[in-house]
Amino acid sequence: MTDINFLTLFHDRLDKCTLTQMANEVVELYGFPCVLRKWNGFQTALDPLYQDISTLDESNEELFDYKNTHVYIDYNRFDKVLSSWGMSMTENTTLQSMMKLDDEPAEDDIVEILYPYDGKKYKFKIGSADKHKDICYRVVLNIYYTDHIKDN
């Protein structure tokens with residue numbers, strides 16, 4: 001008896017479009033609602049303290065394009081990372097997650113997760129994003145820390 005590999009069957013021989021739509025449905029059904037803030041790339045800002053290197057000024061709303069979407073994260077892993085919120089940054093404060101192929105996330109984009117269980121918004125920065133078999137994006141989310149002080 002042979003094993004049937006659903007992913008290989010659809011990806012190599014049948015309809016990859018159907019497989020992409022199915023992955024999108026899973027992300028929307030089981031994922032957390034979020035806002036993907038994609039840097040539109042037309043302007044960078046100098047570091048506010050030293051004025052020597054260019055940085056992304058995330059406080060300027062015009063530098064980002066916003067997209068309401070979903071991100072799939074394992075709930076147990078998400079809960080463990082949130083319990084370490086505010087503590088020192090370690091290698092365990094990253095999340096492996098999946099996003100839809102249409103979202104086209106990139107490194108250094110910002111993901112704001114609207115967490116439905118406590119009504120809070122959590123901010124993550126995408127550390128890396130790569131296509132998973134051309135059906136969805138596998139992204140690494142890092143807890144987002146700003147490296148400069150904002151004027152209030």
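Readers should treat all values here as calculations from the given coordinates under stated rules, not as data from a laboratory. Only a predicted model underlies this, so the values are computations on that prediction, with no experimental measurement involved. Please note: Cβ atoms are built from the backbone with ideal geometry, for glycine as well, and neighbour counts cover all protein chains shown.
With the simple model of a label 7 Å out from the Cα in the direction of the Cβ, D79 to E25 spans 2.8 nm.
Cross-link pairs exceeding 21 Å between alpha carbons, from the set K100/K120; K67/K120; K80/K120; K16/K131; K67/K100: K100/K120. The order of the peptides 74-81, 132-139 by mean Cβ neighbours within 10 Å, most packed first, is 132-139, 74-81.
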